[in-house]
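Trainee: Quick one: the structure is below, questions incoming.
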Amino acid sequence: MYMKYELTVLPVSDVDRAKAFYEALGFRLDLDKAVSEDWRAVHFTPPGSECSIIFGTGITSAEPGSSQGLYLAVHDIEAARAELVSRGIEVSEIFHDAGGLFFHGHKTGDITHQLEGQDRVVGLHPERASYGSFATFSDPDGNGWVLQEIQQRFPGR
């Protein structure tokens, strides 16, 4: 069976504010359609991605800002972070998790997205290993995003 992850629904409190943020982020606007006062869909796709996001009015009952751990894979985390900062996005410093390769902290509304007790080290992964360096940011509602550097994918990916 073939399955392809296509879309993530983001809960937001202000559709136009979220739209402006994702435009500033550099995501491609695919659709902004309202069929009534109670239903509007705004659909964006990150550059180079086949998976998209959607938010709007009447799209979800989830609490605004409750989506956490939304990963964006980048080839060069330093360049990606610098570009986002140049676009006015508040991004954490680059870091790695001293306890392993996989970053595991997501905290609503805080660009540090750090769990209590997590041993987070500022800077690139010491071996610059794929899947090992991160930076985080949040949209205006606190939906939490993670940049993850992947220069070489694991086999089968």
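The values are calculated or read from the model by the stated rules, or taken from the named source; none is laboratory data. Model, not experiment: these values are computed from the prediction. FYI the Cβ positions are ideal-geometry reconstructions off the backbone, even for glycines, and counts take in every protein chain you see. The accessibility values were calculated without ligands, DNA or RNA, using every heavy atom of the protein model including side chains. Shrake-Rupley method; radii C 1.70, N 1.55, O 1.52, S 1.80 Å.
Trainee: For the chain, what relative contact order do you get, as a whole percent, if you take Cα pairs closer than 8 Å and at least 6 residues apart?
Mentor: 23
Trainee: So, counting K/R as plus one and D/E as minus one, what does the shell of residues with Cβ under 14 Å around residue 47 add up to?
Mentor: -3
Trainee: Another one. Hey, what angle do you get for helix 15-25 against the long axis of the chain, alpha-carbon based, 0 to 90 degrees rounded to 10?
Mentor: 40
Trainee: Next question, about the same structure. Given a Förster distance of 41 Å, report the FRET efficiency between residue 13 and residue 86 from their Cβ-Cβ distance, rounded to the nearest 0.05.
Mentor: Once rounded, the FRET efficiency stands at 0.95.
Trainee: Considering Cα pairs under 8 angstrom that are at least six residues apart, work out the relative contact order of the stretch 1-60 and quote it in whole percent.
Mentor: Once normalised by length, the contact order is 39 percent.
Trainee: Okay, next question. Modelled label-to-label distance, residue 75 and residue 35, 7 Å Cα→beta-carbon offset: nm?
Mentor: Placing both labels 7 Å beyond Cα along the Cβ direction yields 4.0 nm.
Trainee: What size of dipole, in debye to the nearest 20, comes out for the chain about its Cα centre when the only charges are +1 on Lys and Arg C-beta atoms and -1 on Asp and Glu C-beta atoms?
Mentor: On the way: 13 positive and 23 negative charges, 84 e Å.
About 400 debye.
Trainee: How much solvent-accessible surface does residue 154 expose, in Å² to the nearest 10, with a 1.4 Å probe and all protein chains in place?
Mentor: 110
Trainee: Here is a further query. Where is the GNM fluctuation largest for the chain (alpha-carbon springs, 10 angstrom cutoff): 93, 50, 78?
Mentor: Greatest mean-square fluctuation among the candidates belongs to 50.
Trainee: Quick check on the chain: what does the Kirkwood estimate of hydrodynamic radius come out to from the alpha carbon pairs, in Å?
Mentor: In the chain this quantity evaluates to 16.4 Å.
Trainee: Which percent, nearest 5, of DSSP beta bridges in the chain are antiparallel? Write out the running numbers ahead of the final one.
Mentor: Values: 21 of 29 bridges.
Of the beta bridges lying entirely in the chain, close to 70 percent run antiparallel.
Trainee: Where the accessible area of the chain is counted over protein heavy atoms with a 1.4 Å probe, how much of it, in %, is carbon and sulfur? If you can, show how the numbers build up before the last one.
Mentor: Details: 4400 of 8700 Å².
Ligands and nucleic acids excluded, carbon and sulfur give 51 percent.
Trainee: At a probe radius of 1.4 Å, what is the per-residue accessible area of residue 30, in Å² to the nearest 10?
Mentor: Accessible area, nearest 10 Å²: 60 Å².
Trainee: Rolling a 1.4 angstrom probe over the protein heavy atoms, how many square angstrom per residue are accessible across the chain?
Mentor: That works out to 55 Å² per residue.
Trainee: Using a Förster distance of 22 angstrom, determine the FRET efficiency expected from the C-beta separation of residue 121 and residue 154, and round it to 0.05.
Mentor: After rounding, the FRET efficiency stands at 0.45.
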